[in-house]
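What follows is a single structure, written as structure tokens, with notes after it.
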Amino acid sequence: MNLNDTISGVGPVFAQGLFLSLGLIVAIGAQNAFVLRQGLRREHVGSVVAFCAVADAVLITAGVLGMAQALGDRPMLARGLALGGAAFLAVYGWRALRRARQASALDVTSMGQGLSLGAALAQAAAFTLLNPHVYLDTVLLVGSIGAQQPVPLQGWFAAGASVASLLWFSAVGFGARWLAPWFARPRAWQVLDALIGVTMWVLSALLLRHAL
């Protein structure tokens, strides 16, 4: 790639990483409930948000760089993973659209008492690192898709995915008092799941086109 191609590709690649990461991270789950709980209690919000965002950024970067190195001399494996990623995103999108037909809400009322900083970070680490899906999402899926990008743009893809994580956790943690009523409304999650489903299908189509 020449310099002009690299510059013109930064925006689309950054956006692809951003929207992919948002689509994967925005879901009803224990980690989001914990960050929201800390925000509502105003307990160690900055530390918890920073830990979750940095952990995601490290895993995403390791995934992109590691997968890029592993796939560098294996074009058939790269194509196979791209096709697998496209299929995964299509199924993920279908599940999100199916969730959009059901009423559900995020509950933070049963998550215990106040926590010390150490205990809060320990729980954040458990919710983040002991969840096997985080490795599937960040290292394998985001990593394999990021590895499909031209080498000069792989860092921008990882940056977009990492920024998405930072924006989301910051919004949940620091905006908890305003977002809590929204999170408690099943209709809001249905609309969000519908948007996620469509986004995942678009990304799946782009990845499939790249693979073929």
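Neighbours of A120, meaning other residues whose beta-carbon lies under 14 angstrom from its beta-carbon, give a summed charge of +2 when Lys and Arg score +1 and Asp and Glu score -1. Zone of A180 (label point 7 Å along Cα→Cβ, backbone N under 15 Å): which residues in the range 9-52? Counting only backbone N, you get 33-45. Under the simplified labelling scheme, the L130-E43 pair shows an inter-label distance of 1.7 nm, with each label point 7 Å from Cα along Cα→Cβ. Inter-label distance, A62 to V151: 2.4 nm, where each label sits 7 Å from its Cα along the C-beta direction.
The residue among L97, V48, G11 whose Cα reaches farthest toward the positive pole of the charge dipole of the chain, with charges on the beta-carbon of Lys, Arg, Asp and Glu, is L97. Quick one: if the Förster radius is 35 Å, what FRET efficiency do V91 and L117 give, using the C-beta to C-beta distance and rounding to 0.05? According to the calculation, E is roughly 0.35. Selection among G84, P150, A27 by position relative to the dipole of the chain gives A27 as farthest towards the positive end (Cβ unit charges, Cα centre).
Given in Å, the Rg to one decimal and the Dmax to the nearest whole number for the Cα atoms of the range 3-211 are 17.5, 55. Helix 30-41 axis versus longest C-alpha principal axis of the chain: approximately 50°, rounded to the nearest ten.
Bear in mind that the values in this text are calculations on the coordinates, not laboratory data. Since we're looking at a predicted model, the values are computed, not measured. No Cβ is skipped: glycine too gets one built from the backbone with ideal geometry, and neighbour counts run over all protein chains shown.
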